[in-house]
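Please read the structure below before turning to the comments.
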Amino acid sequence: MALERFGDRWSLLIIRDLMVRGYRTYKEFLESGEGIASNILADRLRRLAEYGIIVSQPEESDARRVNYRLTAKGIDLAPVILELLLWGARHEETGAPCALIEEMGTHRQQVLDEVRRRWQAHDTTPIIPRFRTTKQSERSKG
């Protein structure tokens, strides 16, 4: 049942980006470098909201704009997302600095505590800096 809720690639990437990259807007997700189509992004954001994993909130400075945020149910996925990040960095080319991944793996609980603290404080400072993905590197070469 859980994988049916958020087990597709795009949903997991949206959750990851909310959790550790500080993304909040449709535009940030669309321009993340992952290559998600706008119709897929809109669908996944809607589904994640329906499942209670994210909420959409009007931006304070412009109510026409929407910001997305993890719910308590969504932030409870932090340990799973962290383990997926670490696994991916060990077995795939992610573009993440090795030292950063090693540090996160060594200090898992501190990373999880910081993710939760930032969520509670509505702090959008990224846990993981925005680094170039393999796809972005390939596009800049071509």
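From the residues in segment 1-19 that are under 13 Å from the mean Cα position of the chain (by Cα) and modelled with pLDDT under 90, which one is nearest to Trp87 (Cα to Cα)?
Step one: filter segment 1-19 for residues under 13 Å from the mean Cα position of the chain (by Cα), giving 6, 9-19.
From what is left, the residues that are modelled with pLDDT under 90 are 6, 9.
On the way: Phe6: 18, Arg9: 15 Å.
Step by step, filter segment 1-19, then rank; the result is Arg9.
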(Q) Where the second residue is among the charged types (D, E, K, R) and modelled with pLDDT of 90 or more and the first is farther than 10 Å from Leu82 by Cα and surrounded by fewer than 16 Cβ atoms within 10 Å (Cβ to Cβ) and lies in segment 104-124, which pairs have Cβ atoms under 7 Å and are six or more apart or on separate chains? (A) Thr124/Arg24
Q) Any idea how many residues of segment 63-93 are exposed (fewer than 15 other Cβ atoms within 10 Å of the Cβ), touching a Phe, Trp or Tyr at 6+ places or on another chain (Cβ under 9 Å) and within 19 Å of Pro126 (Cβ to Cβ)? A) 0
**Q.** Scope segment 43-52; condition touching a strand residue (DSSP E or B) at 6+ places or on another chain (Cβ under 7 Å) and in contact (Cβ under 8 Å) with a residue 24 or more places away in the chain; matching residues
**A.** Leu45, Leu48
Q: Please enumerate the residues belonging to segment 53-103 that are within 22 Å of Asp43 (Cα to Cα) and more than 16 Å from the chain's Cα centre (by Cα).
A: Gln57, Pro58, Glu59, Ala63, Arg64, Arg65, Val66
Q: At least 2 residues that are modelled with pLDDT of 90 or more and among the basic types (Lys, Arg) in each: list the helices (runs of 4 or more DSSP H) lying fully within segment 33-142 that qualify.
A: 38-50, 108-120
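The values are calculated or read from the model by the stated rules, or taken from the named source; none is laboratory data. No experiment lies behind these values; they were computed from the predicted model shown. FYI the Cβ positions are ideal-geometry reconstructions off the backbone, even for glycines, and counts take in every protein chain you see.
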